[in-house]
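Input: a single structure, listed below in structure tokens.
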Amino acid sequence: MLSETEETGFSAGSFYQSDNQLRQAFMQAPGALAILRGPESLCEFNNLLFQKICGGRDLLNKPLRQAWHDPEGGEWFRMLEEVYKTGETAHKYEYAVTADWDSDGNLSERFFDFACSPYRSAGNDIDGLILFGHDVTVKVQARQQFAEQQLLFKDITDAAATALWTVDTKGDIIFVNQTWIDWTGEPYDVHLGRGWIEFVVPLDREQVINNFRRDVNLKSQYQVDFRVLRKDGCTQWVAATGKPRYLSNGEFAGYVGSCMDITERKKSEQMLRDSEERFRNIADSAPVLIWMTGVDKRTTFLNKNWTQFANVAELLSDNGHLQSSLMHPNDKEMVITSYNQAFDNREEFYLEYRMKSGEDFRWIGMKGVPRMNAGVFEGYIGSGMDITDMKEHEQVKNDFIGMASHELKTPITSIKAYIQLLLSIYKDRSEDEFLLKSLNTVNKQINKLTRLITDLLDVSKMESGRLSLNCEPFVLNDVLKETIEEVQHTATHHDIVFTPAPSYTVNADRDRIAQVMTNFLTNAIKYSPESDRIDVKVSATEHEVKIAVQDYGIGINPEEQAKIFNRFYRVEGKNEQTFSGFGIGLYVAAEIIKRHSGHVWVQSEKSNGSAFYFSLPLYRYEA
Ligand code: ADP
């Protein structure tokens, strides 16, 4: 037969043995239950849970003290005695017990709220105590979890580099994190309510408040930049942003937001503004026209001089370009085409054109360069100068050169004719050897002078756009041979060696090509006094023919090579000073070849001779 304990799951003495139903009720009670008898608290019965709390020991008819753990130094038992004495129910909350609750070998902690009530006999005397423990583990654990979450939240917010805050609907602070406290150097409580406003620089307060009032009405995102008064006496720029906050029931509760330190950003913005201001001041005080564009060719900046120069209210048209009516009608197309071409190829450009200044047109020399920032194209910057005076001087000079060379040409032609006549008369008279020699020398010098005057006249024609070409197809070799022969005739030291090539036909101005060849050959002779040979070679590709004149003379430094084709440019150096010249031969040659859609160039090394080249498009006969 089973013992009572085994049968019912709880122990009982004489108490309620007769009332099985009540015992069942105690057994099923959702908590730990024990009935204690007498001042020693003899355990008259306890249910299984109570037994578990007592470390699984059977306490039946034993004093509670034998099994009950009293962590507060006897506090429990004093409470039991008190209840016994006074008859008042007493409580002990969240009594923690570690046990193997599910009998699976795993220990865990549970919490119980205990109530201790007196048990009275029929005569109303206090006969014993009823101890009931209610399992509150879930509640305690939820609270612990909540506390841990709060701690975590605090750690996270305190670790943030930005200040975090929460305000109610009136703008009163209900939370700030440690970052804000560190910035201001004042403890948490100081900032609560309206305390925080004291740490906003007075000048910024109005905007901070006004923005809040505006946004809180609309319940929209809050945004304001302001300065914080720091504990070290400095001010610090912050960007405050806030998001409307709603409770779980949907009620608007204020804002939660952050303040980000933007002092560095503000500093660099200020520096940028300062440097822009400086640039503007410099640009405005410079006596030139300065402009800038973006990548879309639209003008982004014009300095003050533009307004003074053009003297119109609107400098720019709707498309962001300079009003085209400001440009001279004859130059407009050239300017627009050249500008667009340079811009699209990201190339530097220099243009000379006329622009309206008040009622007149004035010449402008305009230079533009691409603006690059760390390799990224950002548009163009350029400057223009009024070059009207220079142009006028140039015109006067050109007119003078034109007129002088023209006037010189007539007497020289006449002198040349007489010399030719005298030469033909005296050429067979050996007794007049001195006269013949003198006539030949004069003839050579006159030829030189004629070439010089022709070149000068050509320069003036080119400058004023009056140089015309009489193009016709001809065999290049013929002209080259003729020219070489002519120059060879006057050369005393040099042998001009012409390597024959297939016959190439070009469509060009015969005389002008001969003039280029003569210039190259006479230079080759002039600048190679120590040598005695000049080579002329002809080669061709599918589309063009190339002529090379190679000498073995003084050569040209690389840095001079690009400049020698400029008008009036002569290489300076003690060697070069011994050679007479004007610096126009190569300029004229280059201009002539350019007008034939060809190219001129040089390959040379100082002291090692030079090779001058020109190329011309090959003529294709089209029926
Ligand atoms: P110039 O009348 O001075 O010869 P050019 O226009 O013909 O004028 O030539 C310009 C300059 O180029 C010359 O002053 C000279 O310094 C240089 N130059 C031209 N041809 C040669 C050459 N074959 N060898 C070395 N230097 C040359």
- [ ] Among residues belonging to segment 121-170 that are touching a strand residue (DSSP E or B) at 6+ places or on another chain (Cβ under 6 Å) and assigned to a loop (DSSP other than H, G, I, E, B), point out the one that is most open to solvent (accessible area, probe 1.4 Å).
- [x] 169
Open item on the list: Please go through segment 481-522 and give me each residue that is of a type in the set (A, V, I, L, M), at pLDDT 95 or above and over 57 Å from the mean Cα position of the chain (by Cα), ordered by number.
Closed with: 484, 496, 497
- [ ] Among the numbered conditions (1) part of a loop (DSSP other than H, G, I, E, B); (2) modelled with pLDDT of 95 or more, tell me where residue 565 comes up short.
- [x] (2)
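Each row is one residue, and each column tells you yes or no for (1) closer than 16 Å to residue 612 by Cα; (2) more than 7 Å from the ligand (Cβ to nearest atom).
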residue: 530; (1), (2): no, yes
residue: 551; (1), (2): yes, no
residue: 555; (1), (2): yes, no
residue: 565; (1), (2): yes, yes
residue: 571; (1), (2): yes, no
TODO: Kindly provide the set of residues from segment 479-509 that are among the charged types (D, E, K, R) and touching a helix residue (DSSP H, G or I) at 6+ places or on another chain (Cβ under 9 Å), ordered by number.
DONE: 482, 486, 495, 509
- [ ] Would you confirm whether any residue within segment 164-183 is of a type in the set (Phe, Trp, Tyr) and assigned by TED's automatic domain parsing to the domain that holds residue 97?
- [x] no
TODO: Would you mention how many residues in segment 90-104 are open to solvent by less than 70 Å² (accessible area, probe 1.4 Å) and either not acidic (Asp, Glu) or not in a loop (DSSP other than H, G, I, E, B) (or both)?
DONE: 8
Open item on the list: Looking at segment 530-548 only, could you name the residues that are touching a Leu at 6+ places or on another chain (Cβ under 8 Å) and within 10 Å of residue 498 (Cβ to Cβ)?
Closed with: 534, 536, 538
TODO: Note down all Cβ pairs under 8 Å where the first residue falls in segment 158-184 and is on the phi > 0 side of the Ramachandran plot, the second is open to solvent by less than 10 Å² (accessible area, probe 1.4 Å), and they're at least six residues apart or on different chains.
DONE: 171/254
Open item on the list: Take the conditions at pLDDT below 90, open to solvent by less than 30 Å² (accessible area, probe 1.4 Å) and in a helix (DSSP H, G or I) and apply them to residue 26. Does it pass?
Closed with: no
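Can you pull out every residue in segment 607-623 that is at pLDDT 90 or above and either over 18 Å from residue 561 (Cα atoms) or open to solvent by less than 80 Å² (accessible area, probe 1.4 Å) (or both)? Reasoning before the result, please.
First, the residues of segment 607-623 that are at pLDDT 90 or above: 607-619.
Scanning segment 607-623 gives 609, 610, 611, 612, 613, 614, 615, 616, 617, 618, 619.
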- [ ] Write out, first by first residue and then by second, each pair whose Cβ atoms fall under 9 Å of each other, whose residues are 6+ apart or on separate chains, and whose first residue, in segment 497-513, is over 13 Å from residue 537 (Cα atoms) while the second is of a type in the set (Gly, Ala, Ser) and open to solvent by 30 Å² or more (accessible area, probe 1.4 Å).
- [x] 509/468
Task: Single condition residue 585 does not satisfy, out of (1) open to solvent by 30 Å² or more (accessible area, probe 1.4 Å); (2) within 8 Å of the ligand (Cβ to nearest atom); (3) more than 48 Å from the chain's Cα centre (by Cα) - done: (1)
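Can you spot a residue in segment 436-451 that is among the small types (Gly, Ala, Ser), surrounded by fewer than 16 Cβ atoms within 10 Å (Cβ to Cβ) and under 30 Å from residue 542 (Cα atoms)? Walk me through it before giving the result.
The first filter runs over segment 436-451 and keeps only residues among the small types (Gly, Ala, Ser), leaving 438.
From what is left, the residues that are surrounded by fewer than 16 Cβ atoms within 10 Å (Cβ to Cβ) are 438.
Filter once more, so that each one left must be under 30 Å from residue 542 (Cα atoms): none.
No, segment 436-451 contains no residue that is among the small types (Gly, Ala, Ser), surrounded by fewer than 16 Cβ atoms within 10 Å (Cβ to Cβ) and under 30 Å from residue 542 (Cα atoms).
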TODO: Take residue 371 and decide whether it is without any contact (Cβ under 8 Å) to a residue 60 or more places away in the chain and assigned to a strand (DSSP E or B).
DONE: no
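The values are calculated or read from the model by the stated rules, or taken from the named source; none is laboratory data. Treat the numbers as computed from the prediction; the structure is a model and nothing was measured. Neighbour counts are summed over all protein chains in view; Cβ atoms, including those assigned to glycine, are modelled from backbone coordinates with ideal geometry. Heads up: the accessible areas ignore ligands, DNA and RNA and are worked out on the full protein's heavy atoms, side chains in. Shrake-Rupley method; radii C 1.70, N 1.55, O 1.52, S 1.80 Å.
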